[in-house]
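Peer 1: I have a structure I would like to understand better, so I am pasting it below and will then ask my questions one at a time.
The values are calculated or read from the model by the stated rules, or taken from the named source; none is laboratory data. Quantities reported herein were computed from a predicted structural model and do not represent experimental measurements. Cβ atoms come from the backbone with ideal geometry, glycine included; neighbour counts cover every protein chain shown.
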Amino acid sequence: MTHIGEGGLLTLGDADEVIKLSVKKPNKKVNVVAKDVLDFGIRQWINILSQDGASIFDNDGILIEYMATIRPPNDVEIELETGKGTKHQTAQIVSHLTKSISIAISVDSNFTIYSKGKKVFRMNG
């Protein structure tokens, strides 16, 4: 996604707990798609995953919600990485509060994978 100037935030697993951290939308039908990863081509996935908000996948790789606004509580005790934007901080906190793996993809070609509130992998573009 970064090669076309688009970023994203993905969460993998523990979807029910991740959704509890998201702001509820008035029209749920817009958000919930329940699509298997194999149902779309790469361009369609890039279009979905690069929208504002998070894409939330369950443990089976089914896209449960996209364009989700995740708002973790302010009182989370975690040492956040310095110099990272909101997308990366949200991904780090979500992985700390849930059993999900979170991936933050920056528009500047950097992406970071978080698990249990810790950075486990980073690639700079």
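Peer 1: Within the stretch 85-125, how many residues are in a loop (DSSP other than H, G, I, E, B) and of a type in the set (Lys, Arg)?
Peer 2: The total comes to 2.
Peer 1: Among what's in the stretch 43-70 and is within 12 Å of the chain's Cα centre (by Cα) and aromatic (Phe, Trp, Tyr), pick the residue that is nearest to Ile101 (Cα to Cα).
Peer 2: Result: Phe57.
Peer 1: Just to be sure, is Ile105 at pLDDT 95 or above and of a type in the set (Val, Ile, Thr)?
Peer 2: The answer is no for Ile105.
Peer 1: Looking at the structure I just gave you, is Leu21 modelled with pLDDT under 95, crowded, with 16+ Cβ neighbours inside 10 Å and among the aliphatic types (A, V, I, L, M)?
Peer 2: Working: modelled with pLDDT under 95: no; crowded, with 16+ Cβ neighbours inside 10 Å: yes; among the aliphatic types (A, V, I, L, M): yes.
Answer is no for this residue.
Peer 1: Confirm whether Ser55 is closer than 17 Å to Thr112 by Cβ, touching an Asp or Glu at 6+ places or on another chain (Cβ under 9 Å) and either at pLDDT 95 or above or not in a helix (DSSP H, G or I) (or both). Reasoning before the result, please.
Peer 2: On the way: closer than 17 Å to Thr112 by Cβ: yes; touching an Asp or Glu at 6+ places or on another chain (Cβ under 9 Å): yes; either at pLDDT 95 or above or not in a helix (DSSP H, G or I) (or both): yes.
Taking the combined requirement at face value, the residue satisfies it.
Peer 1: If you scan the stretch 98-118, which residues turn out to be within 17 Å of Ala15 (Cα to Cα) and of a type in the set (A, V, I, L, M, F, W, C)?
Peer 2: Within the stretch 98-118, Ile101, Ile103, Ala104, Ile113 meet the criteria.
Peer 1: Quick check, is Asp36 surrounded by fewer than 17 Cβ atoms within 10 Å (Cβ to Cβ), over 19 Å from Val120 (Cα atoms) and either in contact with a helix residue (DSSP H, G or I) (Cβ under 9 Å, 6 or more places away or on another chain) or modelled with pLDDT of 85 or more (or both)?
Peer 2: In short, no.
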